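Below is one structure; the comments refer to it alone.
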Amino acid sequence: MIPYEDLARLNEPFNTAFENKFQEVLKRGWLILGQEVKNFETEFAAFHSEEHCVGVANGLDALILSLKALAFPVGSEVIVPSNTYIATILAILHAGHLPVLVEPDIATYNIDPVKIEEAITTKTKAIMVVHLYGKCCDMDPIIAVQKKYSLALIEDCAQAHDAKYKGKRAGTFGDAGCFSFYPTKNLGALGDAGAVLCANPNITAYLRKARNYGSEVKYHNDIVGYNSRLDEVQAAFLRIKLRHLTAITAHKQKLAALYHRYLKDDFIKPVVNDEYFDVYHIYNIRHHKRDELKAYLLKNEILTEIHYPVAPHYQKALKGILDPALRFPISEEIHRTTLSMPCSFCHTEDEVLKVIEILNSF
């Protein structure tokens, strides 16, 4: 059986370092907002050549708190891709705003810059881009629209650790770059964790207070805050893996190159462009008989995933929030045909070649 992901195998090369670091943190006895969090924030910011990093509890909180930091009027509109994972939309709702869904580009699966401008109204305050599957969005035209209408720009980088557009890393284009370190991410913790990159010291100051009950000084609460702190132990583990992120990226790119080279053109493969440094958090293909293909692979002991089987505008949670008359045919086509292949740091080239062999026999 070739798994879609195997976190035990993925983390095995780091286990000794994890165990040693855990003992170090345990003996130090400082378990909340200690030196490990400070060091990770410094190192993650430096990796991105960014001014500030604020660790938070998870990727959803990174998005919510970034929106709250920008202090839009309640009920403002935030533009978001129609095929994103629902967390991006939930963040907008939890921050008290309205998501405005915009179709993606069918080739890249990222938000279509041309369609963004069509969706802007007098209530629009921000564009929230999602660098889906490990490919950066087409940032130049997006930034042009953002500046033309004086909008904020928030990046959902949950799947884009180390991804680049024209040499610039995801998370460094906008007002806030929001990261999840969910265990399956290219830079994954051993539990939930998140962070926000930003250059603006005012946003940074808000985030540092907001994540900790609105407090910078213990028992003195300046704002109505939250409990959303990056865990000290997870920060310690992330510091270890951050030193290996370049190698993790390179390994996934090597596996993706095998799919690119040997997979038949019966399958729609990710587009490749020299301006994009893709990191393949997910290696997705598309096929008009997706469900049959998934079943065929399972029969041949290959596990796959669908990212994502249900379009956001069909989710029960959003009933009564989004206009039921809205249709997003490009998003629906992606959700109907996409299938994610094994392409993890835990996989070997031989395993991926076996997956390709089975795929080509479908």
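Taken together, the residues in the range 206-220 that are buried (at least 16 other Cβ atoms within 10 Å of the Cβ) and either outside any loop (DSSP other than H, G, I, E, B) or outside the structural domain of Lys38 (by TED's automatic domain parsing) (or both) amount to 7. Note on the range 285-318: among residues that are surrounded by fewer than 16 Cβ atoms within 10 Å (Cβ to Cβ) and small (Gly, Ala, Ser), the one that is farthest from Ile86 (Cα to Cα) is Ala295.
Applying the set (1) within 22 Å of Thr122 (Cβ to Cβ); (2) touching a His at 6+ places or on another chain (Cβ under 6 Å) to Ala170 leaves exactly one unmet item: (1). Could you please find all residues in the range 255-283 being under 20 Å from the mean Cα position of the chain (by Cα) and among the small types (Gly, Ala, Ser)? Correct list: Ala256 only.
For beta carbons closer than 6 Å, sequence separation of 6+ or different chains, a first residue in the range 337-362 that is farther than 12 Å from Lys254 by Cβ and touching a residue at least 60 places away in the same chain (Cβ under 8 Å) and a second that is aromatic (Phe, Trp, Tyr) and surrounded by 13 or more Cβ atoms within 10 Å (Cβ to Cβ), the qualifying pairs are Met341/Tyr283; Pro342/Tyr4; Ile356/Tyr262; Phe362/Tyr296.
When residues of the range 240-288 are filtered for being closer than 23 Å to Phe44 by Cα and in contact (Cβ under 8 Å) with a residue 40 or more places away in the chain, how many remain? It would help to see each step written out before you state the result.
Within the range 240-288, the first condition is being closer than 23 Å to Phe44 by Cα, and the residues that meet it are 240-253, 276-282.
Still in the list and also in contact (Cβ under 8 Å) with a residue 40 or more places away in the chain: 240-242, 244-246, 248-249, 251-252, 276-282.
Matching residues across the range 240-288 total 17.
The set of residues from the range 212-232 being modelled with pLDDT of 95 or more, of a type in the set (A, V, I, L, M) and farther than 13 Å from Gly194 by Cα comprises Ile223, Val224. Taking into account only those residues within the range 50-66 that are within 19 Å of Ile240 (Cα to Cα) and out of contact with any Ser or Thr (no Cβ under 7 Å at 6 or more places or on another chain), which is surrounded by the fewest Cβ atoms within 10 Å (Cβ to Cβ)? Among them, the one singled out is Cys53.
A single entry from Tyr280, Tyr262 fulfils the requirement of being of a type outside the set (Val, Ile, Thr) and surrounded by 18 or more Cβ atoms within 10 Å (Cβ to Cβ): Tyr280.
The values are calculated or read from the model by the stated rules, or taken from the named source; none is laboratory data. All figures in this text were calculated on a predicted structure; none of them were measured in a lab. Backbone-built Cβ (ideal geometry, glycine too); neighbour counts: all protein chains shown.
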